[in-house]
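Worksheet: the structure to be examined is printed underneath.
The values are calculated or read from the model by the stated rules, or taken from the named source; none is laboratory data. Computed from a predicted model, the values in this text were never measured in an experiment. In this analysis, Cβ positions are derived from the backbone assuming ideal geometry, glycine residues included, and neighbour counts consider all displayed protein chains. We work out accessible area using only protein heavy atoms, side chains counted, and drop any ligands, DNA or RNA first. Shrake-Rupley method; radii C 1.70, N 1.55, O 1.52, S 1.80 Å.
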Amino acid sequence: MKPQRICLVGSQQQENLGLEYLAAAVERAGHQPQVLAFESRLDVDSVSRAIVELDPDLVGLSIAFQHGVRDNQLLIRTLRQRGYRGHLTCGGHVPTFCYAELLTDDAGLDTVVRFEGEHALCELAERLAEGRPVAGVPGLVWRQDGAIVTGPVRPLCADLDSLPLPKRREQPFYVGGLPLAFVITARGCYGECNYCCLTAFAREAGGPRLRLRDTAAVGAEIAGLRRERGVQVVVVQDDLFILRNERRSIERMRRLRTALEDHGVDDVVFWIKGRPETLTRAIVAEAERMGAIHLFLGVENASAKRLRY
């Protein structure tokens, strides 16, 4: 199989773990990934020129938010106008639900990856490398005989620790002079908020709503970041870090603290996320012992009654 040269394009204002996980997955599959920063239409000229010069076999665009749709559409049109003839795909929460609109509006777009992309992108690259049609790849949407066809839903990854660790940029981010890294310990959320894309994401993919990584694996990853990159601040990018059950939350934070101590790490601090109704004095105290210095609370709700609560 000929290794595919793959450009993964998306925002880098913060560390883009989504693209970094994809890059690690395709690299493990034998391909050659490169991540390019694309923040807005102000970058269309430079990014499109870079892609045309690199001439990769496959370009994957990350569209995480609705406000980025028009900018990515402009990038697609510019790439085709400048002569790029490789395969163009996109993924993220927006394409997962708006795949028909994107493929209808953008003739230059070849496919859309729905839900989690690691395995689907690897299979797409394999099909392209072997010169086989991409039709039928689970998790993919394509055009066929003038129609938009959705492939079978690819199940969500059951074992998050089976995925390779993110292929991170060479230099860490710095905030206030301290090296910082973004890490996930889970994917999804146990909540059922009917306006949230996470709920729809898990429901349409067949669940489960929340999947946890092993705390020993998370501890080993953070210890590696501390040792190799000098990271002292870890931003946990989980959609939800604190669990619904107080006992399970406390046990999980203790296991993570123990895993770090086993690696000789006791000076890392954390930014974490939670839901207001899960917070108890015991959980906050354990989070502080673990090293949490910042807790982001999600309080969005369409109901005034629930907002007051």
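Just one of the listed residues (PRO172, PRO166) is closer than 24 Å to GLN12 by Cα, in contact (Cβ under 8 Å) with a residue 12 or more places away in the chain and in contact with a Phe, Trp or Tyr (Cβ under 7 Å, 6 or more places away or on another chain), and it is PRO166. Of the numbered conditions (1) within 25 Å of ALA29 (Cβ to Cβ); (2) assigned to a loop (DSSP other than H, G, I, E, B), HIS119 satisfies every one except a single condition; which is it? Going through the list (1) within 25 Å of ALA29 (Cβ to Cβ); (2) assigned to a loop (DSSP other than H, G, I, E, B), HIS119 breaks only (2). Residues in segment 137-150 that are assigned to a loop (DSSP other than H, G, I, E, B), at pLDDT 95 or above and not β-branched (Val, Ile, Thr): PRO138, GLY139.
Among the residues making up segment 250-300, those that are surrounded by 13 or more Cβ atoms within 10 Å (Cβ to Cβ), part of a loop (DSSP other than H, G, I, E, B), under 25 Å from the mean Cα position of the chain (by Cα) and at negative phi are VAL268, ARG275, GLY298.
Scanning segment 244-279 for residues that are at pLDDT below 95 and of a type outside the set (Asp, Glu) yields ARG244, ASN245, LYS273, GLY274, ARG275, PRO276, THR278, LEU279.
Do the conditions hold for GLU101, that is, is it among the charged types (D, E, K, R), under 18 Å from the mean Cα position of the chain (by Cα) and open to solvent by 20 Å² or more (accessible area, probe 1.4 Å)? When the stated conditions are applied, GLU101 does not pass them. Looking only at residues in segment 208-246 that are among the small types (Gly, Ala, Ser) and open to solvent by 20 Å² or more (accessible area, probe 1.4 Å), the one that is nearest to ILE184 (Cα to Cα) is ALA217. Selection within segment 122-136: residues that are assigned to a helix (DSSP H, G or I) and without any contact (Cβ under 8 Å) to a residue 40 or more places away in the chain. The member of this set that is nearest to GLN14 (Cα to Cα) is GLU123. Looking at ARG154, ARG187, just one residue is buried (at least 17 other Cβ atoms within 10 Å of the Cβ), in a loop (DSSP other than H, G, I, E, B) and of a type in the set (D, E, K, R), and that residue is ARG154.
Check whether at least one residue in segment 20-30 is part of a strand (DSSP E or B), in contact with a helix residue (DSSP H, G or I) (Cβ under 8 Å, 6 or more places away or on another chain), of a type outside the set (Val, Ile, Thr) and buried (at least 20 other Cβ atoms within 10 Å of the Cβ), and report yes or no. Even if it seems obvious, please write down each step before you answer.
Residues of segment 20-30 part of a strand (DSSP E or B): none.
No, segment 20-30 contains no residue that is part of a strand (DSSP E or B), in contact with a helix residue (DSSP H, G or I) (Cβ under 8 Å, 6 or more places away or on another chain), of a type outside the set (Val, Ile, Thr) and buried (at least 20 other Cβ atoms within 10 Å of the Cβ).
Scanning segment 40-92 for residues that are over 25 Å from ARG154 (Cβ atoms), touching a helix residue (DSSP H, G or I) at 6+ places or on another chain (Cβ under 8 Å), assigned to a loop (DSSP other than H, G, I, E, B) and not polar (S, T, N, Q) returns ARG82, GLY83, TYR84. Just one of (1) in a loop (DSSP other than H, G, I, E, B); (2) over 16 Å from LEU240 (Cβ atoms) fails for ALA217. It is (1). The residue that is most open to solvent (accessible area, probe 1.4 Å), among those in segment 39-67 that are in contact with a strand residue (DSSP E or B) (Cβ under 9 Å, 6 or more places away or on another chain) and under 21 Å from GLU116 (Cβ atoms), is ALA64.
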